[in-house]
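Participant: Next up is a structure, given as structure tokens.
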């Protein structure tokens, strides 16, 4: 951990400690403590419960996890924020609970997040209808649902989030980019465009060149990690390339593993008559690959599809975002 990262983590823990202590002031009587456990803006989660969940994030024992919701986009963004700027992550969660709003603001953008009444009421509804079953955590619903609902493309749709808002909760590429820019990170590489078409193997490999110094946030067909056939409309899924495991391939299926970003020259090693289609990478399709992703609350979710040829039908594009400062 760098000195800057150590300082940010200490700052995050200090923010959380102040928040926790405010709920149990010295000498306070039980009625006062009970009142301080309640969110001033109506979030149906006790202060102490939120402290426990945030603390687990800072200790690394839990990660943003959307479960059955459509919040893979917010989960990806908040994972990157948590890793680079835990102090901002804690400030965001605490501010939502205390005041109902938070603004991500830097010199390259800003995003205002509000806690709509419907979003808060839906948290209680989720808990009530899924008792005994695994469900999205209070912390994740607060931070993900509020972010998603506050930044929907049309203002008429920003009336809060509900557990069944599958279509409304989709994160469009330009919205995800807006979040990162509000956090101070403008993409150095953008192969998404509007996200209407697949980007291909060449663009995927090119993005992997930035693995060491950037957050690689990509939109895939979920069959890349779960197997099965791709589905253009129902299985789009935002993930982060695991920052602790470099994507790699085995050239022609032989020899040592090499960084996936190092295969760019191999695209052009084709006969002259095939040069026009070299970027499709058909001659690389059988090369084995290893790809680890951050998704569904896990930092090392290995792609079940293990050949470069599995990428083109399952990769819509992505971004290389510099790390948050």
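The values are calculated or read from the model by the stated rules, or taken from the named source; none is laboratory data. Everything quoted here is computed from the prediction, not taken from an experiment. Ideal geometry is used to build each Cβ from the backbone, glycine not excepted, and the neighbour counts take in all protein chains shown.
Participant: Which one is surrounded by the fewest Cβ atoms within 10 Å (Cβ to Cβ) among residues in the range 196-211 that are touching a strand residue (DSSP E or B) at 6+ places or on another chain (Cβ under 8 Å) and modelled with pLDDT under 95?
Facilitator: Looking at residues that are touching a strand residue (DSSP E or B) at 6+ places or on another chain (Cβ under 8 Å) and modelled with pLDDT under 95, I get 197.
Participant: Which residue out of 35, 4, 93, 68 is in a helix (DSSP H, G or I) and under 24 Å from residue 147 (Cβ atoms)?
Facilitator: 93
Participant: Turning to a different aspect of this structure: In the range 34-51, is there at least one residue being under 22 Å from the mean Cα position of the chain (by Cα) and at pLDDT 95 or above?
Facilitator: yes
Participant: Additional query: Could you check the range 161-195 and list, in sequence order, the residues that are within 18 Å of residue 72 (Cα to Cα), surrounded by fewer than 20 Cβ atoms within 10 Å (Cβ to Cβ) and more than 16 Å from the chain's Cα centre (by Cα)?
Facilitator: Across the range 161-195, the qualifying residues are 162, 163, 164, 166, 167, 168, 194, 195.
Participant: Just wondering, is there one or more residues in the range 242-253 that are closer than 20 Å to residue 80 by Cβ, assigned to a strand (DSSP E or B) and free of Cβ contacts under 8 Å to residues at least 60 places away in the same chain?
Facilitator: There is no residue in the range 242-253 that is closer than 20 Å to residue 80 by Cβ, assigned to a strand (DSSP E or B) and free of Cβ contacts under 8 Å to residues at least 60 places away in the same chain.
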